[in-house]
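These notes are about the structure you will find just below.
The values are calculated or read from the model by the stated rules, or taken from the named source; none is laboratory data. Small disclaimer: the values here were computed from a predicted structure and weren't measured. Cβ coordinates were reconstructed from backbone atoms using ideal geometry, including for glycine residues, and neighbour counts include every protein chain displayed.
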Amino acid sequence: MATNCYVVYENKQALVIDPGGDFNKLESYLEDRELDVKAILLTHAHFDHIGAVDEVRDAYNAPLYLHEAEADWLTDPSKNGSGLFQLGEIKARPADHFLKLGQTEICGFSFEVRHTPGHSPGSVSFVFRNQRFTIAGDTLFQRGIGRTDLPGGSREQLETSIQDQLFSLRNDMRIYPGHGMPTTIEEEKRENPFFT
């Protein structure tokens, strides 16, 4: 399944969230729009979300942010999951900064960081309240939830994160997941088979 990469931008300045593994596609998107990448944010540090991290850092001189619970995952294939699959080991340089929970501002972008562990210990969701969207990584999907069978996963913790941190958001909040199509909080409360 393809990994979703998100670019949040305003006035030609951009945040790249979960760069995935296709740097060339991302670079074309950024250059076509003449965007200047100010920072890279990770919802979590699994291999399918970090493959192009160092290429983006090098091309745009942009700092990388992630939750400190996964500080050593970027350099450790046994933790980021690439060592569990026959895809080759994926490694990246350590993060430049750790995310602060709650309302934050990074490079002029204001949003809330919510800790949503369960898929992984350092999973977070980025809530852009004024724009009414949340980038939820692999925590919540359209009619699904993140897998919990990888190192550090917990089904109970994941369900609690969704109930407490995501389902508490307004019903019309759009959810942009790490894989698949967008959804809304209202749709998932009503139709997600894990919660109905």
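Name, by its number, the condition in (1) more than 17 Å from the chain's Cα centre (by Cα); (2) modelled with pLDDT of 95 or more; (3) of a type outside the set (Gly, Ala, Ser) that does not hold for residue 119.
Here residue 119 clears every test but (1).
Could you please give the count of residues in the stretch 94-136 that are outside any strand (DSSP E or B) and either out of contact with any helix residue (DSSP H, G or I) (no Cβ under 7 Å at 6 or more places or on another chain) or over 12 Å from residue 66 (Cβ atoms) (or both)?
Just the residues of the stretch 94-136 that are outside any strand (DSSP E or B), to begin with: 94-96, 99-101, 107-108, 116-123, 129-132.
Remaining after also requiring either out of contact with any helix residue (DSSP H, G or I) (no Cβ under 7 Å at 6 or more places or on another chain) or over 12 Å from residue 66 (Cβ atoms) (or both): 94-96, 99-101, 107-108, 116-119, 123, 129-132.
Adding up the residues that qualify gives 17.
To keep it simple, each residue is scored yes or no on (1) more than 15 Å from residue 120 (Cβ to Cβ); (2) surrounded by fewer than 21 Cβ atoms within 10 Å (Cβ to Cβ); (3) out of contact with any strand residue (DSSP E or B) (no Cβ under 7 Å at 6 or more places or on another chain); (4) in contact (Cβ under 8 Å) with a residue 60 or more places away in the chain.
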residue	(1), (2), (3), (4)
143	yes, yes, yes, no
147	no, yes, yes, no
153	no, yes, yes, no
156	no, yes, yes, no
159	no, yes, yes, no
170	yes, yes, yes, no
179	no, yes, no, yes
186	yes, yes, yes, no
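Considering only the stretch 6-21, I want to know if a residue exists there that is at positive phi, among the charged types (D, E, K, R), loosely packed, with under 14 Cβ neighbours inside 10 Å and in contact (Cβ under 8 Å) with a residue 24 or more places away in the chain.
The answer is yes, given that some residue of the stretch 6-21 is at positive phi, among the charged types (D, E, K, R), loosely packed, with under 14 Cβ neighbours inside 10 Å and in contact (Cβ under 8 Å) with a residue 24 or more places away in the chain.
If I filter the stretch 92-112 down to residues being among the charged types (D, E, K, R) and within 17 Å of the chain's Cα centre (by Cα), which single residue comes out as farthest from residue 131 (Cα to Cα)?
So, considering only residues that are among the charged types (D, E, K, R) and within 17 Å of the chain's Cα centre (by Cα), the one farthest from residue 131 (Cα to Cα) is 96.
If we keep just the residues of the stretch 47-90 that are among the polar types (S, T, N, Q) and farther than 23 Å from residue 117 by Cα, which is surrounded by the most Cβ atoms within 10 Å (Cβ to Cβ)?
So, considering only residues that are among the polar types (S, T, N, Q) and farther than 23 Å from residue 117 by Cα, the one surrounded by the most Cβ atoms within 10 Å (Cβ to Cβ) is 61.
Could we say that residue 150 is under 15 Å from residue 70 (Cα atoms), in a loop (DSSP other than H, G, I, E, B), at pLDDT below 95 and more than 12 Å from the chain's Cα centre (by Cα) here?
Considered against the rule, which asks whether it is under 15 Å from residue 70 (Cα atoms), in a loop (DSSP other than H, G, I, E, B), at pLDDT below 95 and more than 12 Å from the chain's Cα centre (by Cα), residue 150 comes out as yes.
Of the residues that sit in the stretch 1-52 and are farther than 25 Å from residue 121 by Cβ and in a strand (DSSP E or B), which one is nearest to the chain's Cα centre (by Cα)? Let's see the steps before the verdict.
Step one: of the stretch 1-52, the residues farther than 25 Å from residue 121 by Cβ are 7, 9-14, 22-38.
Subset that is in a strand (DSSP E or B): 7, 9-10, 13-14, 36-38.
Working: 7: 11, 9: 16, 10: 19, 13: 19, 14: 15, 36: 20, 37: 16, 38: 16 Å.
By that ranking, first place goes to 7.
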